[in-house]
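Working notes, structure below.
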Amino acid sequence: MAPSAKRRPSRVGSRGLASPKRRALLTRGAVAVAGAAALAGAEAGRAEARPLPEDVAAQGQQAPAIATGTQTGRTFRGFVRHGTGAGIEQMRLRAIDPRQVVVRSLATAPCYTSVRGALATNNTQRATIPNHAGFGVVEAVGPLVKRVQVGDRVIVAGTSQCGQCYQCLHGRPDYCQYTFGGDVFPAFAEMTDGTPVFAEAGIGSFSEIMAVFEEYCVPVFTDLPAQELTLLGDQLASGFAAGHSLVRFEAGSDVCVFGCGPVGVGVIQAGRVANAAQVIAIDPVKYRRDFALTMGATTVLDPNAEGDGIVEKVRELCKGKTNRKFAGGLYWGGGLNAMARGADFTVEAAGLQALPPKVEAQPDPTNVKTVRQAWDVTKMGGHVMLMGLTTADVSFPGVTLAILGRTIHPGQQGGLHVMRDLPRFVKLMEKGVLDAKSMITRTYRIEDTRQAIQDCADRTVIAGVVLYS
């Protein structure tokens, strides 16, 4: 990382110093000038970014447009979904908002939730750059930005944290309103013919440049590789947070996870780091089951082979060594009390099938059955986090839901608090406790972005990463 530009002290008076009274006046004056400038920028609704300091630009890592001291009109490439297709397009950056940050992309990992839209062929007039998390270096900031500075390495997270909305103030920044409709994201670029280009979720990380609001940026002060850090923007961080943020796995507990993709592997690592007694991983894809064992799973199950017996299989694995109730044991019989057995913590991270895979298919492409099974394999009083997605309704038995229930947690990024949790996760990566490197099974150039998305859709990789030079 480049060192911050040094400030030279202002010379005031014949000795270069000001009296206390004069310094106070200067301070008030500076505040007034800064406030007026910020107000003018906010009223305009757009602002030109501050250019890079000379010591950062001198590294030769920035685009030529930086030398002119301007960002507006800067050219770059990105993967754009427009019309009936998608491909790499040349674009020009528009003027940024006072709270926006210009980030030069270094790496991004395709997210499975984006593949259906990115590979679709229906006609869309709104040109959009897909994907909603990335990693890069800050090259310019709007005049109201406070969180990051030029030269910072930043994770651009899939969830914002403004610290001011109702959800943030009440301890649930995983539901920050800037993520869920708090901001209307304007077009941030335009193609050579003038077509405005928007960014998925205000991020659009399949691009050499991102122009994002500062609420999504998390500065990290580490020299870890960009391709590993980008997994903290979404997949790995979401899965790991499932056991170390909103819900905290307990040492000696039984953990069960449905799905061994990049999110599920994050859950598996959360169980390993928490010293869970066992981590049961369920996935139809053999190579993913094998990989799960290398990342901390103690038992792997194939849902296609187990069929409807998978619930009882997990309950048996978690029944403990005695059924003597007064000795702290669990009931081993059937009926309603069968729910005494099961995992302490279950995470559903399989999700619905967006497109037909090139590997073994999941037993229920809608994911409805998997969500219900995640509930059923959890013991009474246990915890269920639903991270996967289904677009259909899921039914639960009313009696057991009311009086024999489990605590159901919504899995929006695993309950992640990005500003609190991501720096902690970086430290664990530096110590070798949290493993992102092994998860990256293929890397791509920007020209191969479509293939990166297709491999994610085909489920032939654990995590693929697009690298930008």
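Name the single residue, out of those in region 261-275 being hydrophobic (A, V, I, L, M, F, W, C) and without any contact (Cβ under 8 Å) to a residue 40 or more places away in the chain, that is surrounded by the most Cβ atoms within 10 Å (Cβ to Cβ).
To start, the set of residues in region 261-275 that are hydrophobic (A, V, I, L, M, F, W, C) comprises 263, 265, 267-268, 270, 273-274.
Filter once more, keeping what is without any contact (Cβ under 8 Å) to a residue 40 or more places away in the chain: 268, 270, 274.
On the way: ILE268: 31, ALA270: 28, ALA274: 19.
So, considering only residues that are hydrophobic (A, V, I, L, M, F, W, C) and without any contact (Cβ under 8 Å) to a residue 40 or more places away in the chain, the one surrounded by the most Cβ atoms within 10 Å (Cβ to Cβ) is ILE268.
With respect to the conditions (1) assigned to a loop (DSSP other than H, G, I, E, B); (2) crowded, with 24+ Cβ neighbours inside 10 Å; (3) on the phi < 0 side of the Ramachandran plot, VAL103 falls short on a single one, namely (1).
Among PRO225, PRO196, PRO219, PRO186, which is modelled with pLDDT under 95, surrounded by fewer than 20 Cβ atoms within 10 Å (Cβ to Cβ) and not small (Gly, Ala, Ser)? Spell out the reasoning first.
Values: PRO225 fails: modelled with pLDDT under 95; PRO196 fails: modelled with pLDDT under 95; PRO219 fails: modelled with pLDDT under 95.
After applying the criteria, what remains is PRO186.
Would you point out which residue out of THR298, THR346, THR322 is in contact with a strand residue (DSSP E or B) (Cβ under 7 Å, 6 or more places away or on another chain), farther than 23 Å from TYR112 by Cβ and not aromatic (Phe, Trp, Tyr)? None of the others qualify; the one that does is THR298. Residues in region 177-185: is at least one in a loop (DSSP other than H, G, I, E, B), of a type in the set (Phe, Trp, Tyr) and in contact with a Ser or Thr (Cβ under 7 Å, 6 or more places away or on another chain)? Looking for residues that are in a loop (DSSP other than H, G, I, E, B), of a type in the set (Phe, Trp, Tyr) and in contact with a Ser or Thr (Cβ under 7 Å, 6 or more places away or on another chain), one finds at least one in region 177-185, hence yes. Scanning region 313-329 for residues that are open to solvent by less than 40 Å² (accessible area, probe 1.4 Å) and more than 12 Å from ASP376 (Cα to Cα) turns up CYS318, GLY329. When you scan region 358-389, how many residues do you find that are open to solvent by less than 30 Å² (accessible area, probe 1.4 Å), assigned to a loop (DSSP other than H, G, I, E, B) and not charged (D, E, K, R)? So the answer is 4.
Among the candidates THR441, THR449, THR460, which residue alone is part of a loop (DSSP other than H, G, I, E, B) and surrounded by 15 or more Cβ atoms within 10 Å (Cβ to Cβ)?
Answer to the selection: THR460.
A single member of GLN412, GLN451 is polar (S, T, N, Q) and touching a residue at least 60 places away in the same chain (Cβ under 8 Å), and it is GLN412.
Taking region 399-429 as the region of interest, how many residues are farther than 25 Å from CYS165 by Cα and within 19 Å of the chain's Cα centre (by Cα)? Please lay out each step first, then the result.
Looking only at region 399-429, we keep the residues that are farther than 25 Å from CYS165 by Cα, and these are 399-407, 426-429.
Going one step further and asking which of them are within 19 Å of the chain's Cα centre (by Cα), we end up with 426-429.
Summing the residues that are farther than 25 Å from CYS165 by Cα and within 19 Å of the chain's Cα centre (by Cα) in region 399-429 gives 4.
Here GLY309 does not qualify as farther than 21 Å from SER238 by Cα, open to solvent by 60 Å² or more (accessible area, probe 1.4 Å) and among the small types (Gly, Ala, Ser).
Within region 149-163, can you find the residues that are assigned to a loop (DSSP other than H, G, I, E, B) and closer than 18 Å to GLY204 by Cβ?
Within region 149-163, ALA157, GLY158, THR159, SER160 qualify.
A single member of LEU416, LEU434 is hydrophobic (A, V, I, L, M, F, W, C), touching a Leu at 6+ places or on another chain (Cβ under 9 Å), closer than 24 Å to LEU293 by Cβ and crowded, with 16+ Cβ neighbours inside 10 Å, and it is LEU434. Does at least one position in region 336-348 carry a residue that is aliphatic (A, V, I, L, M), buried (at least 18 other Cβ atoms within 10 Å of the Cβ) and in a loop (DSSP other than H, G, I, E, B)? Looking for residues that are aliphatic (A, V, I, L, M), buried (at least 18 other Cβ atoms within 10 Å of the Cβ) and in a loop (DSSP other than H, G, I, E, B), one finds none in region 336-348, hence no.
In the set (1) touching a helix residue (DSSP H, G or I) at 6+ places or on another chain (Cβ under 9 Å); (2) in contact (Cβ under 8 Å) with a residue 24 or more places away in the chain, the condition left unmet by ASP364 is number (2).
Just one of (1) touching a strand residue (DSSP E or B) at 6+ places or on another chain (Cβ under 9 Å); (2) open to solvent by 40 Å² or more (accessible area, probe 1.4 Å); (3) modelled with pLDDT of 95 or more; (4) farther than 20 Å from ILE96 by Cβ fails for LEU231. It is (2).
Checking the conditions here, which among SER245, SER238 is small (Gly, Ala, Ser), surrounded by 24 or more Cβ atoms within 10 Å (Cβ to Cβ) and under 22 Å from the mean Cα position of the chain (by Cα)? Answer to the check: SER238.
In region 119-144, the residues that are open to solvent by 10 Å² or more (accessible area, probe 1.4 Å) form Cβ pairs under 6 Å with partners that are assigned to a strand (DSSP E or B) and among the basic types (Lys, Arg), at six or more places apart or across chains, as follows: THR128/ARG81; VAL137/ARG104; VAL137/ARG153.
The values are calculated or read from the model by the stated rules, or taken from the named source; none is laboratory data. None of these values were measured; they are calculated from a predicted model. As a convention, Cβ positions derive from the backbone with ideal geometry for all residues, glycine included, and neighbour counts pool all protein chains shown. When the accessible area is computed, the model is the full protein with side chains, heavy atoms only, and any ligands, DNA or RNA have been set aside. Shrake-Rupley method; radii C 1.70, N 1.55, O 1.52, S 1.80 Å.
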